Amino acid sequence: MIFILVLFATICVILLAFCTCKGKVSPNTFGNSIGTVHTIKAMKEYDFSSTFKRDGIEFISSSPCIMQHNKHKNHYLMNIRYVNYTMLKGPPFYILHSENISSLNKCLHLDGNFNVLKDEHMNYGSNVLQRTGKYRGVEDIRIFMHNDIIYCIGTAQRSKGNLGLFFGKYNIPTAITGDDLNLESATKCEKNWSYIPDETKIQFVYSWHPLTIIEKERDSYNVIVRRRKEMPKFFTRARGSTSGFLYKNEIWFVIHFSASRDGHGRKYYHSLSVFDKNMDLKRFSKIFTMEEEDIEFVLGLVVEDNRIILSYSTWDKSSKVKIYDKRVFSELMNFP
């Protein structure tokens, strides 16, 4: 019986990995439409990968999301997701450590040199703990600041079994609390919405071609479509990676593209896109990777005067931060 449950859970993880969320593209289509892929060399890199056990089950660090500290200048906060499976580079692609697919989270406090000052396990509020589906917890959390409050958005299983976006407060050092966001036109698999910095309202990029902006209603978890705008063909298969980062009246995002390959899983590629505060596109970078690994997932972006900071995972089993010279990306920029 246990073998059957573990087998079923493994199948669920594989289906999750290949679910028909917006943005998958075949390698041929991808290569023809986007051009040369650049591997960018970092000035510095930091590896925060780790493991721990809970109730005898091993959890492996995965996707990290870094942000500037809300109270201490030149310090950072970083959420790290921990998963109870191991991703492989070929079939069957995943090995589960228990019958459910679980995500736990830890908050790291980092100084200006990326030393860990302290780390804290982030619990879930009752709204999350009461869920009994195959997918437990909140996956791929992005943390961001809105009006001096730290919020988060991530993927969670809803009561009907489909995957959707969870939104809530990131209450350091206690718990992640909130509920599911409700969009009337939502698909069966919703992921990768990108927060748009704005002092007056909470908005997200829902899709990138056309650019579709949705807004959370002030006193509910309902979201409504506020704006649609045409975008260059380059963005046809783009998906959200990071939240937007406001830097000198510009909003920066990392987006990604996922190419599926027969018998070899997926491969991820990335691009920086820059908008003005009205979310009109100003420029976007050529495609790049960090390590030339097939599975690279970027969740965190910090833009500074002379450098760009990215936090990402490879193969769902590492947690890394890389520091880039900002001039490198300037040389890769295209203009609409």
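Read-outs: derived from the displayed coordinates by stated rules, not from any lab. In this text the structure is predicted, and so the values were computed from the model without any measurement. No Cβ is skipped: glycine too gets one built from the backbone with ideal geometry, and neighbour counts run over all protein chains shown.
What to note about this one:
- Sites listed here are trypsin sites (Lys or Arg not before Pro) in segment 149-233 whose DSSP assignment is loop and whose Cβ has at most 14 other Cβ atoms within 10 Å: 160, 188, 201, 218.
- Exposed-site-free run, longest, the chain (rule: GluC sites (Glu not before Pro); DSSP loop; at most 11 other C-beta within 10 Å): 1-183
- Note: relative contact order over segment 120-187, using C-alpha pairs below 8 Å and six or more positions apart, is 32 percent.
- Entry for segment 217-323 at q = 0.15 Å⁻¹: log10 I(q)/I(0) = -0.74, Debye formula applied to identical alpha-carbon scatterers, no solvent contribution.
- If you run the Gaussian network model on the chain, springs between alpha carbon atoms under 10 Å, then out of 194, 285, 313 the most flexible one is 285.
- Global geometry of segment 78-202, whether rounded, prolate or oblate, following the gyration tensor of its Cα atoms and the 1.5 cut on a/c: oblate
- Environment charge of residue 145, counting only residues whose C-beta is closer than 15 Å and scoring Lys/Arg +1, Asp/Glu -1: +2
- Cα-based shape type of segment 88-148, given that a ≥ b ≥ c are square roots of the gyration tensor eigenvalues and the cut on a/c is 1.5: oblate
- Cα gyration tensor shape for the chain, rounded if a/c is under 1.5, else prolate or oblate: rounded
- Among 175, 156, 186, the residue with the largest mean-square fluctuation in a Gaussian network model of the chain, with springs joining Cα atoms closer than 10 Å, is 186.
- For 87, 67, order by how many other beta-carbon atoms lie within 10 Å, fewest first: 87, 67
- Global size of segment 49-111: 14.5, 45 Å for Rg and Dmax (C-alpha atoms, Rg to one decimal, Dmax whole).
- Net length available on complete extension from residue 172 to residue 266 is 30.4 nm, with 0.36 nm assigned per residue and the Cα-Cα distance removed.
- In percent, rounded to a whole number, the relative contact order of segment 274-321 is 24, using alpha-carbon pairs under 8 Å and six or more apart.
- Percentage relative contact order, the chain, counting C-alpha pairs under 8 Å, at least six apart: 20 percent
- Top of 35, 56, 240 by mean-square fluctuation, Gaussian network on the chain, Cα under 10 Å: 56
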